[in-house]
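Enquirer: Take this structure, written in structure tokens, and hold onto it; I'll ask about it next.
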Amino acid sequence: MRLPHDASRQTAADGFILVAVLWIIAALATLASIFSFYLANTAVSLSVNDNSIQSEALVYASLELTAYQVSTPKSDGPPVLADGSRRVDPNIPPPPTRGDFSFRLGRANVAVNFISEAARIDLNAASPQLVANFFVGLGAQPQQAQEYADRIDGWITTPRPASRFATAENNEETLYRAAGRSYSPRGAPFAHIDELSLVLGLPAALIERAKPFLTVYSGKGQIDVLDAAPEVIAAIPGVTPNLLSNLAEARRAGADPQVMQRLLGALPLQGVVSVEGGDAYRVQVRVRYDNGRQDASEVVIVTGLADKPYRVLWWRDGFDALSTLPGQPAPLPR
């Protein structure tokens with residue numbers, strides 16, 4: 001027979017154990033909740049990484065196919081002749097300067113556009129007159145446009161050794177110091193087109209309008225008139241409105257390079273225009289996955305290398321990276 005005080009003591013102990021068990025259960029529930037949250041975030045992170053890896057692989061596949069399409073079959077004999085000129089085989093067509101194609105890989109449809117980078121004005125190779133004319137076409141006053149072209153030329157020109165004849169007018173570094181800039185001109189080629197924002201005196205709005213027509217990757221002072229935008233062709237010294245109209249009509253009709261060359265041959269445009277591309281291409285890739293997700297990338301590559309099919313010069317992801325190319329982009333296959 002238990003005494004009353006023993007029953008009271010046991011009831012208190014049972015209550016303490018129950019409270020402890022409840023606390024343990026609550027702690028375990030909290031830990032389970034944290035763990036499930038961690039697992040969910042990990043799954044999302046892995047999914048994002050997996051999607052990025054997939055998209056990157058599809059872009060690389062697009063670049064491989066582009067490099068294949070613009071590769072020229074090898075001709076018999078040495079590629080360079082004794083006089084230093086390149087061997088030209090009339091039986092082998094030149095590589096295309098632009099094109100588009102699409103393919104399906106995995107669970108995605110991919111559309112690709114490519115165009116010769118020579119369709120743009122290369123700031124590291126173009127003449128100041130061509131650059132000035134281009135800025136005039138974008139709305140700048142002729143005197144201002146010439147000043148902008150001079151500052152761009154001064155940015156890439158190797159500084160001359162200091163001398164007693166140096167003045168603020170012919171010393172780019174002095175101009176930058178006088179303007180309160182904490183840096184000097186590069187004195188070497190542009191590394192990237194966005195470097196234009198560092199050039200003294202160029203308005204930001206003008207730079208944004210100009211960037212879709214400029215490059216630093218073609219390495220050519222000549223403009224590929226087969227593919228260049230009207231804004232670029234109009235900047236070529238010696239091009240008249242009538243010639244610009246004739247060129248546009250010939251391009252719409254799909255005229256071959258020989259016809260275009262005849263249109264240009266009567267004018268003093270040698271060294272400025274070309275009906276050939278180069279080794280650098282701008283490639284736009286659009287990806288649509290079966291689940292509705294879409295990705296895009298724009299890449300500049302150089303081909304014609306001895307050790308590999310191509311090399312990447314510039315890469316940017318996202319639809320905002322896509323610049324406007326002459327002509328319509330290839331539609332995404334459904």
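Enquirer: Cβ-Cβ under 7 Å, sequence separation 6+ or interchain: first residue in the stretch 231-252 and part of a helix (DSSP H, G or I), partner among the charged types (D, E, K, R) and surrounded by 12 or more Cβ atoms within 10 Å (Cβ to Cβ). Which pairs?
Expert: From the stretch 231-252, the pairs are 232/120.
Enquirer: Being surrounded by 14 or more Cβ atoms within 10 Å (Cβ to Cβ), at pLDDT 90 or above, in a helix (DSSP H, G or I) and of a type in the set (Asp, Glu), is that true of even one residue in the stretch 152-165?
Expert: Among the residues of the stretch 152-165, at least one is surrounded by 14 or more Cβ atoms within 10 Å (Cβ to Cβ), at pLDDT 90 or above, in a helix (DSSP H, G or I) and of a type in the set (Asp, Glu), which makes the answer yes.
Enquirer: Of the residues that sit in the stretch 194-206 and are surrounded by 17 or more Cβ atoms within 10 Å (Cβ to Cβ) and touching a helix residue (DSSP H, G or I) at 6+ places or on another chain (Cβ under 6 Å), which one is farthest from residue 229 (Cα to Cα)?
Expert: Let us first name the residues in the stretch 194-206 that are surrounded by 17 or more Cβ atoms within 10 Å (Cβ to Cβ), namely 196, 199-200, 202, 206.
Narrowing the set further to residues that are touching a helix residue (DSSP H, G or I) at 6+ places or on another chain (Cβ under 6 Å) leaves 196, 199-200, 202.
Numbers: 196: 20, 199: 24, 200: 27, 202: 22 Å.
Top of the filtered list is 200.
Enquirer: I've got another one for you. Need pairs with beta-carbon distance below 8 Å; first residue on the phi > 0 side of the Ramachandran plot and within the stretch 190-211, second basic (Lys, Arg); sequence gap 6+ or separate chains.
Expert: Correct list of pairs: 201/151.
Enquirer: Let me ask another. Could you tell me whether any residue of the stretch 80-97 is on the phi > 0 side of the Ramachandran plot and at pLDDT below 95? Full working, then the answer.
Expert: First, the residues of the stretch 80-97 that are on the phi > 0 side of the Ramachandran plot: 84.
Okay, now just the ones that are also at pLDDT below 95, so 84.
Yes: one or more hits.
Enquirer: Just to verify a result, which residue in the stretch 297-318, among those that are charged (D, E, K, R) and in a strand (DSSP E or B), is farthest from residue 58 (Cα to Cα)? If you could, list the steps in order and put the result at the bottom.
Expert: As a first pass, look at the stretch 297-318 and keep what is charged (D, E, K, R): 298, 307-308, 311, 316-317.
In the following step, the residues that additionally are in a strand (DSSP E or B) were identified as 298, 311, 316-317.
On the way: 298: 12, 311: 16, 316: 14, 317: 12 Å.
Checking each candidate, the answer is 311.
Enquirer: If residue 312 passes every condition in (1) at pLDDT 95 or above; (2) crowded, with 18+ Cβ neighbours inside 10 Å but one, which one does it miss?
Expert: (2)
The values are calculated or read from the model by the stated rules, or taken from the named source; none is laboratory data. What you are looking at is a predicted structure, and each value in this text was computed from that prediction instead of being measured. Because the Cβ atoms are built from the backbone with ideal geometry, glycine has one as well, and the counts that use them run over all protein chains shown.
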